[in-house]
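Below you'll find the structure, written out as structure tokens, and then a few comments.
The values are calculated or read from the model by the stated rules, or taken from the named source; none is laboratory data. These numbers were taken from a predicted model, which means no experiment stands behind them. Please note: Cβ atoms are built from the backbone with ideal geometry, for glycine as well, and neighbour counts cover all protein chains shown.
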Amino acid sequence: MAGVIVGLCVPFGAGYLFLVLGGMSVATKSRPLPLEKFVAKTALKAAIGGEVARPSPLPADEPNLLAGARIYQAQCAICHGRLGRRISTIAQGMFPRAPQLLPPKKGVTDDPVGETYWKAKHGIRLTGMPGFGDGLSDSELWQVSLLLRNADKLPAAVQELLREDPDRP
């Protein structure tokens with residue numbers, strides 16, 4: 001019985017010492033720990049669950065894509081990039097890196113719109129991705145999700161809006 005107790009306590013004690021003695025780097029430039037990506041992806045997939053298949057209640061028409069582009073510019077572009085612009089300094093310093101969501105990157109155009117909606121609404125813990133469910137309406141969340149789902153085939157007016165830099169007059 002003592003062997004079982006010691007066998008259980010030693011790994012926990014070693015893990016505790018690893019943490020408190022600074023063995024685990026928390027700097028954004030550090031490499032992920034073994035199993036970190038697996039645990040994060042598995043937990044995220046389980047949390048989203050059936051929401052992946054949820055269809056948008058809004059059509060992917062130009063008015064909704066333009067509205068989504070305005071929301072994206074105001075809320076998302078600083079981390080996820082602007083059309084035709086370099087990655088921001090903020091995005092470069094994040095860990096994990098925020099995916100660039102507009103062309104020429106593939107972004108999330110191949111993800112179901114329900115998955116993008118869930119991520120925008122709820123956020124993703126320990127990634128820097130905030131949840132916008134309290135700050136944006138459901139319609140706004142769907143509009144930005146439709147924009148990202150269709151980022152590789154946007155109308156010219158939407159592309160033009162996404163190229164604008166709202167911080168410059």
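Taken together, ASN64, ASN150 contain a single residue that is surrounded by 17 or more Cβ atoms within 10 Å (Cβ to Cβ), over 25 Å from GLY49 (Cβ atoms) and not hydroxyl-bearing (Ser, Thr, Tyr), which is ASN64.
Can you find a residue that is modelled with pLDDT of 90 or more and farther than 30 Å from VAL158 by Cα anywhere in the stretch 72-87? Within the stretch 72-87 (the criterion being modelled with pLDDT of 90 or more and farther than 30 Å from VAL158 by Cα), the answer is no, since none of the residues qualifies. Under 18 Å from TRP118 (Cα atoms), touching a helix residue (DSSP H, G or I) at 6+ places or on another chain (Cβ under 8 Å) and surrounded by 11 or more Cβ atoms within 10 Å (Cβ to Cβ) - does that describe any residue in the stretch 80-91? The answer is yes; a qualifying residue exists.
Just one of (1) at pLDDT 95 or above; (2) closer than 19 Å to LEU66 by Cα; (3) of a type in the set (Asp, Glu) fails for ASP165. It is (1).
Filter the stretch 112-131 down to residues that are of a type in the set (A, V, I, L, M, F, W, C) and not in a helix (DSSP H, G or I) and give me whichever is surrounded by the fewest Cβ atoms within 10 Å (Cβ to Cβ).
We begin by selecting, within the stretch 112-131, every residue of a type in the set (A, V, I, L, M, F, W, C); these are 113, 118, 120, 124, 126, 129.
Add one more test, that the residue is not in a helix (DSSP H, G or I), and what stays is 124, 126, 129.
Values: ILE124: 17, LEU126: 9, MET129: 19.
Taking the candidates together, the pick is LEU126.
Tell me yes or no: at least one residue of the stretch 78-90 is among the hydroxyl-bearing types (Ser, Thr, Tyr) and farther than 18 Å from VAL108 by Cα. Among the residues of the stretch 78-90, at least one is among the hydroxyl-bearing types (Ser, Thr, Tyr) and farther than 18 Å from VAL108 by Cα, which makes the answer yes.
Would you tally the residues in the stretch 120-141 being of a type outside the set (Ser, Thr, Tyr) and over 15 Å from the mean Cα position of the chain (by Cα)?
Matching residues across the stretch 120-141 total 5.
Pairs are defined by a Cβ separation below 9 Å, a sequence spacing of at least 6 or placement on different chains, a first member in the stretch 122-146 that is more than 16 Å from LEU66 (Cα to Cα), and a second member that is part of a loop (DSSP other than H, G, I, E, B) and of a type in the set (A, V, I, L, M); the pairs so defined are THR127/MET94; THR127/ALA98; GLY128/MET94; GLY128/ALA98; MET129/ALA98.
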